[in-house]
Amino acid sequence: MIRTQVAIIGAGPSGLLLSQLLQRNGISSVVLEQRSRSYVEARIRAGLLERGTVELLEAAGAGERLRREGLVHDGVELAFAGRVQRIDLKALAGHAMTVYGQTELTKDLGDAHAALGGTVLYEATDVALDGFEGTHPRVAFTHQGVRDEVECDFIAGCDGFHGISRASVPAGSIQTHERVYPFGWLGVLAEVPPVSNELIYANHARGFALCSMRSMTRSRYYVQCTPVDKVEDWSDSRFWDELRARLPAGYASRMVTGPSIEKSIAPLRSFVAEPMRFGRLFLVGDAAHIVPPTGAKGLNLAAADVRMLYEGLVDYYRSGSGTLLGEYSARALARVWEATRFSWWFTTLMHRFSDDSFAQRLQVAELEYLVESPAASWSFAENYVGLPFA
């Protein structure tokens, strides 16, 4: 039997970040993770961080390498109808974005957590949550062939969309909202310099494309694909040819190509579960919401959830007040729905949904308004860099 104050399910970025913040404030936690540490750290995920996420990582003592190696982006470029227009995020919204791969971020959090003596039980299987609707939550699990249990005050479900945390909530206590998009993203990671110093979002008749990076020598590129496409159908040469076809000629001509390190297809969906609190169980990050990656909100939303839950737990253990914990779901969901709206809107604006010429011309008209109207550009920038916290 293990006794701790907060049991955290999942050792991805949100679980490790929450545990690290709690430890630095004298609150004990145990993190249970189904996979191995090497598996968790190798997952290719997001790489674009809002200022608030960077600040939270620094508060957790895991921001040193990020500040040293992260690429600060003051703007993004939108390509459409044969033109390219830069949106100056820093000038319009006052903040920039930082490119830093989730794989590196997870390694930093794991190292910082271990340095503080934090407890993470990797390869913990058959996890079962119980008692969270009362006052004595428990988490049973199997680790190294031994069945054990964690007794705690609270449970934080940071175990993603397919995890056990949301699945443990009685069906009548939760409501879900979902929009599945009729396309996916084929992504390629390659050891080649990025075609531009900033991200390029392209709206093209052949479909959406995104040029991103993880460093100045490693690029991450995406093209819109169909839901039935398979990775094995896309050779490296086919991918590079398709990406070039969707980019303005100036970028296509100077793009450096090379063998892919990783290639995968991600389906796109918007998903929100509410509420995000059930007694003493709190859902965090992808366990409660999924957004299409177009607006770079997934990891940043998870970090915002962590921030709100961490503040509530610190207040509870310092003052005995449950006010902030009681407000967690409402506060988190307000931000979730704002980010869900932006991600849905930007996805709808940039992707090809059909051969309907009317819809395509409307996209171009809206993009022209977006880049030519100071008010529209400011609204985009404000949402892209992350709305302020109340």
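The values are calculated or read from the model by the stated rules, or taken from the named source; none is laboratory data. For clarity, every value in this text was computed on a predicted model and none was experimentally measured. With ideal geometry, Cβ positions are generated from the backbone for all residues, glycine too; neighbour counts draw on all protein chains shown.
Considered as a group, the residues in the range 1-31 that are of a type outside the set (Val, Ile, Thr), modelled with pLDDT of 95 or more and out of contact with any helix residue (DSSP H, G or I) (no Cβ under 9 Å at 6 or more places or on another chain) include one that is surrounded by the fewest Cβ atoms within 10 Å (Cβ to Cβ), and that residue is ARG3. Is it the case that ARG67 is over 20 Å from VAL284 (Cβ atoms), assigned by TED's automatic domain parsing to the domain that holds ASP286, surrounded by fewer than 19 Cβ atoms within 10 Å (Cβ to Cβ) and not acidic (Asp, Glu)? Here the answer is yes, as ARG67 does meet what is asked.
Residue check: is GLY207 at positive phi and in contact (Cβ under 8 Å) with a residue 24 or more places away in the chain? Can you show your working first?
Details: at positive phi: yes; in contact (Cβ under 8 Å) with a residue 24 or more places away in the chain: yes.
Judged against the criteria, GLY207 is a match.
Restricting attention to the range 234-259 and to residues that are touching a strand residue (DSSP E or B) at 6+ places or on another chain (Cβ under 9 Å) and of a type in the set (D, E, K, R), the residue that is farthest from TYR201 (Cα to Cα) turns out to be ASP236.
Criterion first (under 18 Å from the mean Cα position of the chain (by Cα) and in the same structural domain as PHE282 (by TED's automatic domain parsing)) does VAL30 satisfy it? So VAL30 does not fit the description; no.
Residues checked against (1) farther than 30 Å from THR135 by Cα; (2) touching a Phe, Trp or Tyr at 6+ places or on another chain (Cβ under 9 Å):
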{"site": "TRP240", "(1), (2)": "yes, yes"}
{"site": "ARG246", "(1), (2)": "yes, yes"}
{"site": "ALA249", "(1), (2)": "yes, no"}
{"site": "LEU268", "(1), (2)": "yes, yes"}
{"site": "ARG277", "(1), (2)": "no, yes"}
{"site": "PHE282", "(1), (2)": "no, yes"}
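Within the range 98-145, the residues that satisfy the criterion of being in a loop (DSSP other than H, G, I, E, B) and among the acidic types (Asp, Glu) are GLU123, GLU133.
Only a single criterion out of (1) out of contact with any strand residue (DSSP E or B) (no Cβ under 8 Å at 6 or more places or on another chain); (2) within 17 Å of VAL314 (Cα to Cα); (3) surrounded by 22 or more Cβ atoms within 10 Å (Cβ to Cβ) is not satisfied by ALA62, namely (2).
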